[in-house]
Amino acid sequence: MALLKWISGILASHAEKPEIHLIVRNITRNTELAQCIEVADTGKTRRKGLLGRKQLSAGEGLWIIPCAAIHTFRMQFSIDLVYLSRDKRVRKIRHEVPPWRISFCLLAHSVLELETGSVRKSGTCRGDRLELARAHHKNS
């Protein structure tokens, strides 16, 4: 019995975390940037980023934390970038960053990678405060 508990503990500690999706709202302007943001907060997920995807659908994106610089090498589409401080204030925005580019903001704590056009559509500007909240899905 003790052996079974030990093995279960090891398997649980190596199990992949459940995928979390977030909604991103601009609370300064009362707008929404995205409804289906994945979180990249481990070395593995941060390295992979959006690589391997053909596109981002409307409302999709990735929140990389911690992160102050990204690259779009080997990506197949452009993205909008929103660099955030620890308190989720917008430090820097880059619109329609194409593949094979590097972008950074040394004062950033994290970055949102979003579908192109979503930042302009939401009216988000430098200095705005964002809120990232867990998305509630009907089947969760």
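Worth pointing out:
- For region 20-134: rounded, prolate or oblate by the Cα gyration tensor [a/c cutoff 1.5]: rounded
- Simple Cβ-charge dipole of region 42-88, Lys/Arg +1 and Asp/Glu -1, about Cα centre, in debye nearest 20: 300
- With an a/c value of 1.5 or above and a/b not larger than b/c for the gyration tensor axes a ≥ b ≥ c computed over the alpha-carbon atoms, region 30-75 is described as oblate.
- Considering only alpha-carbon pairs that sit under 8 angstrom and 6 or more positions apart, the relative contact order computed for region 20-134 is 33 percent.
- Packing-based exposure ordering (other Cβ within 10 Å, fewest first) of TRP63, TRP100: TRP100, TRP63
- Considering only beta bridges that DSSP places wholly inside region 18-81, some 50 percent are antiparallel.
Any read-out appearing in this document is the output of simple, stated calculations on the displayed coordinates, not a laboratory observation. Remember, predicted model here, so these are calculated numbers, not experimental data. Virtual Cβ from ideal backbone geometry, glycine too; neighbours counted across all protein chains shown.
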